[in-house]
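Below you'll find the structure, written out as structure tokens, and then a few comments.
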Amino acid sequence: MLPAIRRTIAVAIAATFASLAVGAGVPTVAQASDPLFSCRSRGPECRQPGGPSVSLPEPDGTMSPAEFIAASVPGAQQSRREDGVPVSVTIAQAILESGWGRSALSTVDKNFFGMKCNGQGKYATGCRSHATSECTAAGACFGTTASFRVYSSAADSFRDHGYTLATLPRYSVAFQYRNDPNRFVAEMHKAGYATDPEYTVKLTGIMAKYGLYQYDLP
């Protein structure tokens with residue numbers, strides 16, 4: 001094989017891998033009026049861009065953790081560029097809230113963040129009811145049925161998540177720390193994102209365990 005051809009192939013392979021490198025309980029959101037108040041049950045009922053010739057898979061429940069993270073990076077980085085949510089935070093939330101893409105919301109409706117259908121929003125294609133469990137601020141949980149947003153792609157779910165966080169005034173303090181993912185999570189939690197007192201510990205633990213900070217953009 002000619003050297004020039006070998007170099008071309010090597011560059012293409014390197015570019016492909018570079019683009020790919022790009023839980024237990026899930027906490028309950030504090031307010032049902034918040035679109036981020038979402039499916040938080042442990043049970044099954046709750047349950048892109050590459051080069052011209054490279055098509056990256058979207059995250060799904062059939063992937064290994066490494067594959068799921070790699071597939072989540074493009075959407076999370078787009079969310080950072082558009083709305084300022086730290087990439088590591090978005091990926092960690094997708095992991096925690098979709099159960100690595102195995103929840104029914106993510107497998108059926110491409111909803112990786114449990115976004116409630118309090119209005120369809122700008123990225124969803126519709127709404128669908130799912131059995132779920134909700135918890136009060138006091139920690140009392142109960143079964144119910146709720147309407148959740150449906151997306152045509154994981155990318156739209158990621159964009160809607162970032163847009164919603166960025167446009168809800170209650171999370172404005174968190175965005176003062178968009179370059180400090182751990183503080184961003186703490187402020188988001190403090191603003192009422194979750195009633196679980198361990199939410200910050202859980203999310204930052206995922207970020208550290210899987211080295212998600214490496215994907216953050218300035």
query = In terms of Cα to Cα distance under 12 Å, which aspartates and glutamates are near enough to Lys122, apart from those fewer than 8 places away along the same chain?
reply = Asp156, Asp160
query = At a Förster distance of 30 Å, what's the computed FRET efficiency of Ala66 paired with Leu168, Cβ-Cβ distance as r, to 0.05?
reply = 0.40
task = May I ask you to list the lysines whose Cα is less than 23 Å away from that of Lys116, ignoring any residue fewer than eight positions away on the same chain?
result = Lys190, Lys202
query = Could the peptides 84-93, 104-113, 121-130 be put in order, highest first, of the mean number of other beta-carbon atoms found within 10 Å of their residues?
reply = 84-93, 104-113, 121-130
key: For Cys127, distant residues with modelled amide H under 5 Å away   = Val150
ask   = Listing Leu56, Leu212 from the residue with the fewest other Cβ atoms within 10 Å to the one with the most, what is the order?
value = Leu56, Leu212
ask   = If each of Asp180 and Glu82 carries a label point 7 Å out from its Cα toward its Cβ, how far apart are those two points in nm?
value = 2.8
query = For labels at Tyr213 and Arg102 in the simple 7 Å Cα→Cβ model, what's the distance in nm?
reply = 2.9
task = Would you mind ranking Arg159, Arg149 so that the residue whose beta carbon has the fewest other beta carbons within 10 Å leads the list?
result = Arg159, Arg149
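Just so you know, all these numbers are worked out from the coordinates, no wet-lab data involved. All figures in this text were calculated on a predicted structure; none of them were measured in a lab. When we count neighbours, we look across all protein chains shown, and the Cβ atoms used for this are built from the backbone with ideal geometry, even at glycine.
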